[in-house]
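Peer 1: Please read through the structure below; I'll follow up with questions.
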Amino acid sequence: MKLVKRHPLIALVNNYLIDSPAPSNLSYIWNFGSLLGTCLALQIITGVTLAMHYIGSVDLAFSSVEHIMRDVNSGWLIRYLHSNGAAFFFIFVYIHMAKALYYGSFRAPRILLWSIGVVIFLVMIITAFLGYVLPWGQMSYWGATVITNLLSAIPWIGTDLVEFIWGGFSVSNATLTRFFSLHFLLPFVLAALAFMHLIALHQNASNNPMGVSSKMDRVPFYPYYVFKDIVGFFVFFLILSIFVFFFPNALGHPDNSIPANPMQTPISIVPEFYLLPFYAILRAIPNKLLGVVAMLAAIFILFLLPYLESSRVRSSAFRPFMRIFFWLFAVNFLLLMWIGANHPEPPFILLGQLCTAFYFAYFLILVPLIGLIENTLSDLGTINPSKNTPQGLFSVENRGNYIPRITFRAFQQRLFLIMGIYRRKVNS
């Protein structure tokens with residue numbers, strides 16, 4: 001026991017995985033943090049193994065992937081674990097972020113934790129795009145051509161920037177070599193960011209379903225949540241095994257099984273399904289530059305979310321209005337995913353524009369406005385001008401001229417809060 005406490009490396013593991021205090025009421029939705037760490041480890045192990053046999057050349061890339069599938073011992077298993085593991089990686093990230101949105105885990109004092117998480121998400125998107133190009137199938141080549149060409153929308157330097165990324169005047173061998181190098185490097189950057197995320201998490205401990213401070217009611221991470229996570233691992237590997245052994249290509253695109261042909265454009269050029277919502281936002285705006293700006297804004301707006309939220313209550317479990325709009329937002333996100341997989345034609349163009357408008361309206365309008373309404377109703381229900389005692393919203397004492405006067409005052413204060421003129425200290 002002394003070694004566990006005194007050895008610097010073992011003590012670090014002990015502090016983070018064994019003796020770490022955690023709220024006593026965490027549900028299984030909190031398992032996805034450990035599942036994401038498992039996915040990252042799986043991706044690094046399988047990715048390094050695949051890199052030992054992959055050849056980053058436009059002439060041999062597709063053949064080297066086929067060599068891995070046919071000639072390398074268990075090569076098919078390693079490749080399918082890597083490709084399907086990436087899909088589950090993003091699925092778990094979306095659930096993990098949805099949990100943070102629902103329970104208010106992005107709010108102070110965990111703003112740094114949330115910001116690092118958004119950076120991790122952004123690096124994941126870049127890494128996934130780079131990896132999508134490496135098999136050098138039809139979708140790989142044309143996906144690289146279309147997505148990198150988006151940078152040409154940047155005024156003045158766009159064309160030069162695209163040619164710099166390509167290493168020439170078109171997607172070529174230099175492009176593939178650069179993408180392979182970056183795709184090999186970025187998972188280790190993700191591992192470093194994940195460690196920073198863990199450090200930020202342990203500064204204020206995890207949030208909990210109640211959304212209140214848990215300093216007075218915590219339990220050690222081991223054995224309670226270690227065994228809870230192990231249950232999640234078994235379920236994850238069971239589902240992953242079903243996809244790997246029975247439906248290995250269900251989450252991919254069939255056109256990527258055809259060698260890249262620069263002279264033949266596929267019927268539709270789409271990214272992997274987990275990037276389709278942002279692809280739908282890109283296509284929803286006819287202007288190329290504005291579409292790129294909207295797609296990037298859909299990600300970077302997550303950094304502003306802690307400053308847009310104005311409600312005094314952290315968890316949506318106690319916010320009925322926010323709970324309704326949260327689930328509408330989740331459905332809207334899935335609709336964007338479905339729209340992104342379809343051709344940009346009516347009615348998908350109009351649907352994409354409506355869903356894109358709701359996506360941004362949720363963050364910029366609904367989140368601040370619902371907090372304003374909830375705080376106003378809270379003031380109406382708890383403040384009595386004549387008696388310093390809580391009163392119900394529809395009590396006799398609160399009728400008459402009192403309600404309009406307090407309504408205007410509370411509304412004014414909340415409006416100033418949103419505009420940044422008036423700030424109310426929020427309990428953390």
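Peer 1: I'm trying to understand the selection: among the residues of region 19-54, which are loosely packed, with under 15 Cβ neighbours inside 10 Å, part of a loop (DSSP other than H, G, I, E, B) and more than 21 Å from the chain's Cα centre (by Cα)?
Peer 2: Of everything in region 19-54, those that are loosely packed, with under 15 Cβ neighbours inside 10 Å, part of a loop (DSSP other than H, G, I, E, B) and more than 21 Å from the chain's Cα centre (by Cα) turn out to be 19, 24, 25, 52.
Peer 1: Now for a different question. Pick out the one residue from 324, 281 that is assigned to a helix (DSSP H, G or I), surrounded by fewer than 14 Cβ atoms within 10 Å (Cβ to Cβ) and out of contact with any His (no Cβ under 7 Å at 6 or more places or on another chain).
Peer 2: Just one listed residue meets the conditions, 324.
Residues checked against (1) part of a helix (DSSP H, G or I); (2) of a type in the set (Asp, Glu); (3) modelled with pLDDT under 95:
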| site | (1), (2), (3) |
| --- | --- |
| 343 | no, no, yes |
| 352 | yes, no, no |
| 366 | yes, no, no |
| 372 | yes, no, yes |
| 378 | yes, no, yes |
| 381 | yes, no, yes |
| 385 | no, no, yes |
| 389 | no, no, yes |
| 392 | no, no, yes |
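Peer 1: Would region 221-241 turn up any residue that is on the phi < 0 side of the Ramachandran plot and outside any helix (DSSP H, G or I)?
Peer 2: no
Peer 1: Also, quick follow-up: State whether the residues of region 36-56 include one that is at pLDDT below 95 and on the phi < 0 side of the Ramachandran plot.
Peer 2: Yes, region 36-56 has at least one match.
Peer 1: When the residues of region 203-249 are narrowed to those that are among the polar types (S, T, N, Q) and over 23 Å from the mean Cα position of the chain (by Cα), which ends up modelled with the lowest pLDDT?
Peer 2: Per the criteria, the residue is 214.
Peer 1: When residue 265 is evaluated against the numbered criteria (1) within 26 Å of residue 101 (Cα to Cα); (2) modelled with pLDDT under 95; (3) not charged (D, E, K, R), which criterion, by number, is the only one it fails?
Peer 2: Residue 265 satisfies all of (1) within 26 Å of residue 101 (Cα to Cα); (2) modelled with pLDDT under 95; (3) not charged (D, E, K, R) except (1).
Peer 1: Can you pull out every residue in region 289-321 that is assigned to a loop (DSSP other than H, G, I, E, B) and either within 19 Å of the chain's Cα centre (by Cα) or within 17 Å of residue 212 (Cβ to Cβ) (or both)?
Peer 2: Scanning region 289-321 gives 309, 311, 312, 313, 314, 315, 319.
Peer 1: Let me ask something additional. Would a scan of region 183-203 turn up a residue that is polar (S, T, N, Q) and surrounded by 13 or more Cβ atoms within 10 Å (Cβ to Cβ)?
Peer 2: No, region 183-203 contains no residue that is polar (S, T, N, Q) and surrounded by 13 or more Cβ atoms within 10 Å (Cβ to Cβ).
Peer 1: Checking residue 312 against (1) free of Cβ contacts under 8 Å to residues at least 60 places away in the same chain; (2) within 28 Å of residue 109 (Cβ to Cβ); (3) surrounded by fewer than 18 Cβ atoms within 10 Å (Cβ to Cβ), only one condition comes out false. Which one?
Peer 2: Failing condition for residue 312: (1).
Peer 1: If the Cβ limit is 6 Å and pairs must be 6+ apart or interchain, which residue in region 352-374 that is closer than 21 Å to residue 279 by Cα pairs with which residue that is hydroxyl-bearing (Ser, Thr, Tyr)?
Peer 2: Pairs that qualify, where the first residue is closer than 21 Å to residue 279 by Cα and the partner is hydroxyl-bearing (Ser, Thr, Tyr): there are none.
Peer 1: While we're on this one: Select the helices (runs of 4 or more DSSP H) contained entirely in region 70-177, then report the ones holding at least 3 residues which are over 19 Å from the mean Cα position of the chain (by Cα).
Peer 2: 75-103, 138-149, 158-166
Peer 1: Let me ask something else about it. Just one of (1) touching a residue at least 12 places away in the same chain (Cβ under 8 Å); (2) at negative phi trips up residue 246, so point out which.
Peer 2: (1)
Peer 1: Could you list, ordered by first residue, the pairs with Cβ atoms under 9 Å in which the first is in region 265-285 and under 14 Å from residue 143 (Cα atoms) and the second is charged (D, E, K, R) and in a helix (DSSP H, G or I), at least 6 apart or interchain?
Peer 2: Listed pairs, sorted by first residue: 266/255; 267/255; 268/255; 269/255.
Peer 1: Out of region 262-278, which residues are of a type in the set (A, V, I, L, M), within 16 Å of residue 87 (Cβ to Cβ) and either over 19 Å from the mean Cα position of the chain (by Cα) or not in a helix (DSSP H, G or I) (or both)?
Peer 2: The answer is 270, and nothing else.
Peer 1: For region 178-217, enumerate the residues that are hydroxyl-bearing (Ser, Thr, Tyr) and not in a helix (DSSP H, G or I).
Peer 2: 206, 213, 214
The values are calculated or read from the model by the stated rules, or taken from the named source; none is laboratory data. Predicted model, so just to flag it, every value in this text is computed and none were measured. Cβ coordinates were reconstructed from backbone atoms using ideal geometry, including for glycine residues, and neighbour counts include every protein chain displayed.
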